[in-house]
Amino acid sequence: MNRTWETAARAACAALFLSTAGAVAQERTAVEEIERYRQALADGNPAELWEARGEGLWKQKAGPKNASLEQCDLGLGPGVVKGAYAELPRFFADTGKVEDLESRLVTCRMTLQGLTAAEARKDPFGSTGKKVVNDALVAFITSESRGYVMNVKTAHPKEAEAFEIGKKIFFHRGGPYDFACATCHGVDNIRIRLQDLPNLTKKGDAQRAYTSWPAYRVSQGELRTFQWRLEDCFRQQRFPHLEFTSEASVALTLFLAKNANGAPYNAPAIKR
Amino acid sequence: MKTKIIALSAIAAAVSACATAPSDAPVAKNSLAVMKASFTAKGQAKLDRLDQDSLQRLCSIYSGDNELPKDVAARIEKEQLATIKFPADGKLLGDWKSGEKIAQSGRGGQFSDDPTKPSGANCYACHQLSKAELSYGTIGPSLYNFAKVRGYGPDVQKYAWTKVYNSHAFAACSTMPRFGHQGILTEGQMKDIVALLMDPNSPVNK
């Protein structure tokens, strides 16, 4: 191969990197518009409908054992909901596993209500005209941690291991597009089209992003949970389907949640 | 092709053997096993997409806090440059109008996409290209006035082809997909995209 055209082309590279600043400033105003819209809506977040429904489902007797979930141990002892989400995912001795909120709810629906694993994992995400139990329970439980400071631990060896695995997955490039989570979420101040992308490896961005999930998505008219967010980002990454409450999903969640430590939790939020 | 893969995995082996390289091989193995157990095939996205070629493996190791060493970068660029295939007819430029449509389209490769339809390239997701399209991303540099600034000659045409074919040939561990090497775009689509960058009448150069 002829080296001269390569050298010539390389030398010309520098010029193009200098010309973007003006256009970016111009479009900031569009982003600010969206932010104002978001704040206007925040006065009446439809997520409250999910929270109320979830509280009802939490207390309602259901399943073959005709029991409520009120005795479910979310990590702070049976029945303690307040502040529990700010310390999840965590290791649970009864299952011997690290669980996030959604996998813990699967566990409780099995042990307390007598559902099979398949029944408890069925219908993880809602869609138009189809409301599901998981979304509502998640909305209720997370809302009970609003204002609590994120405090996810890696003291237990299984938690430390989950953190390392989650980190590996975050940087794992693969698939036909060579993407990893880090491709879109490993750099400061970038956007895809007009969508701002948080740098989830940096404290400030990770805190803002993690503490704002789950969220009511205006564009979809649905409450979206963190498990949903991960599955849909893997789709954009051109990866296969992430199984609901799978070990990889929990490890990745623990990695991201730990990066958000120190910030007050503030969701369910509302997003575009 | 085969020899390249062998050569590159030899680099990987050499790198992981040396003292300064991150020594986290056991977790790497474990995390892939965890992933394999956590995903299921859906549509065109099968489980083999979790497996990495040597480029993906090296660029995953050298990301985040682990900076890519200069010598590894140089070897990656050499290896990836050797993968470039130029069209048999020697013509690098197609139709920029078709190129613009391809650059706008974000479909392709996802399990939610129909694999029988042609893929787009979604250049606008990451790059500014024309003045008219305001909805562009900033993951990559602006390409506005690409050829107007660098010239319309054959060297720049070849450079543009190479970048789109395999971005790592000039920027090891770039986040830009290898559109030609990975078969995302057909040769004809590649020509149309290169015309979008290189044609004096293309909105990129207006």
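The values are calculated or read from the model by the stated rules, or taken from the named source; none is laboratory data. This one's a predicted model, so the numbers in the text were calculated from it and none came from an experiment. Methodologically, a virtual Cβ is constructed for each residue, glycine included, from the backbone with ideal geometry; neighbour enumeration extends over all protein chains shown. To get the accessible areas, we keep the full protein, side chains included, count just its heavy atoms, and leave off ligands, DNA and RNA. Shrake-Rupley method; radii C 1.70, N 1.55, O 1.52, S 1.80 Å.
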Per the filter on the range A:92-111, residues open to solvent by 50 Å² or more (accessible area, probe 1.4 Å) and either hydrophobic (A, V, I, L, M, F, W, C) or under 18 Å from A:E70 (Cα atoms) (or both) are A:A93, A:D94, A:M110, A:T111
Counting only residues that are without any contact (Cβ under 8 Å) to a residue 60 or more places away in the chain, farther than 24 Å from B:Q182 by Cβ, buried (at least 23 other Cβ atoms within 10 Å of the Cβ) and touching a strand residue (DSSP E or B) at 6+ places or on another chain (Cβ under 9 Å), the range A:231-260 contains a total of 0
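Among residues belonging to the range B:94-112 that are more than 9 Å from chain A (Cβ to nearest Cβ) and surrounded by fewer than 21 Cβ atoms within 10 Å (Cβ to Cβ), point out the one that is nearest to B:L143 (Cα to Cα).
Checked the range B:94-112; the qualifying residue nearest to B:L143 (Cα to Cα) is B:Q104.
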Report whether or not A:S212 is more than 18 Å from A:R121 (Cβ to Cβ) and at pLDDT below 95.
-> no
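Just to check your reading of the model, which residue among A:D188, A:D196 is acidic (D, E), out of contact with any Phe, Trp or Tyr (no Cβ under 6 Å at 6 or more places or on another chain), touching a residue at least 12 places away in the same chain (Cβ under 8 Å) and within 24 Å of B:A172 (Cα to Cα)?
Values: A:D196 fails: within 24 Å of B:A172 (Cα to Cα).
Only one candidate passes the filter, namely A:D188.
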Got at least one residue in the range B:116-133 being open to solvent by 30 Å² or more (accessible area, probe 1.4 Å) and hydrophobic (A, V, I, L, M, F, W, C)?
-> yes
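Is one or more of the residues making up the range A:210-221 out of contact with any Leu (no Cβ under 9 Å at 6 or more places or on another chain) and among the aliphatic types (A, V, I, L, M)? Even if it seems obvious, please write down each step before you answer.
Taking the range A:210-221 first, the residues out of contact with any Leu (no Cβ under 9 Å at 6 or more places or on another chain) are A:211-213, A:219-221.
Filter again for among the aliphatic types (A, V, I, L, M), leaving none.
Within the range A:210-221 (the criterion being out of contact with any Leu (no Cβ under 9 Å at 6 or more places or on another chain) and among the aliphatic types (A, V, I, L, M)), the answer is no, since none of the residues qualifies.
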Contacts under 8 angstrom Cβ, first residue in the range B:130-156 being at pLDDT below 95, partner part of a loop (DSSP other than H, G, I, E, B) and not hydroxyl-bearing (S, T, Y), 6 or more apart = none
How many of the residues in the range A:170-207 are at the interface with chain B (Cβ under 9 Å from one of its Cβ atoms), in contact with a Leu (Cβ under 6 Å, 6 or more places away or on another chain), buried (at least 22 other Cβ atoms within 10 Å of the Cβ) and hydrophobic (A, V, I, L, M, F, W, C)?
-> 1
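Against the definition (acidic (D, E) and either at the interface with chain B (Cβ under 8 Å from one of its Cβ atoms) or within 18 Å of B:T175 (Cβ to Cβ) (or both)), how does A:E247 come out, yes or no? Can you show your working first?
Details: acidic (D, E): yes; either at the interface with chain B (Cβ under 8 Å from one of its Cβ atoms) or within 18 Å of B:T175 (Cβ to Cβ) (or both): yes.
Spelling it out, A:E247 is indeed acidic (D, E) and either at the interface with chain B (Cβ under 8 Å from one of its Cβ atoms) or within 18 Å of B:T175 (Cβ to Cβ) (or both).
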Scan of the range B:54-65 for residues that are within 9 Å of another protein chain (Cβ to nearest Cβ) and open to solvent by less than 70 Å² (accessible area, probe 1.4 Å), ordered by number = B:L55, B:Q56, B:C59, B:S60, B:I61, B:S63, B:G64
Picked from the range B:143-182 (must be open to solvent by 10 Å² or more (accessible area, probe 1.4 Å) and small (G, A, S)), the residue farthest from B:P203 (Cα to Cα) is B:A172
Checked pairs for the range A:115-126, first in the same structural domain as A:L242 (by TED's automatic domain parsing), second open to solvent by 60 Å² or more (accessible area, probe 1.4 Å) and modelled with pLDDT of 95 or more, C-beta under 6 Å and 6 or more apart or across chains, list as A:A120/A:M110
So, in the range A:208-221, of the ones that are surrounded by fewer than 20 Cβ atoms within 10 Å (Cβ to Cβ) and in contact with a strand residue (DSSP E or B) (Cβ under 6 Å, 6 or more places away or on another chain), which residue ends up farthest from the other protein chains (Cβ to nearest Cβ)?
-> A:S212
Considering only residues that are open to solvent by 40 Å² or more (accessible area, probe 1.4 Å) and among the hydroxyl-bearing types (S, T, Y), look in the range A:141-169 and name the one that is farthest from the other protein chains (Cβ to nearest Cβ).
-> A:Y148
Within the range A:54-64, is there a residue that is open to solvent by 40 Å² or more (accessible area, probe 1.4 Å), farther than 24 Å from A:R146 by Cβ and free of Cβ contacts under 8 Å to residues at least 24 places away in the same chain?
-> yes
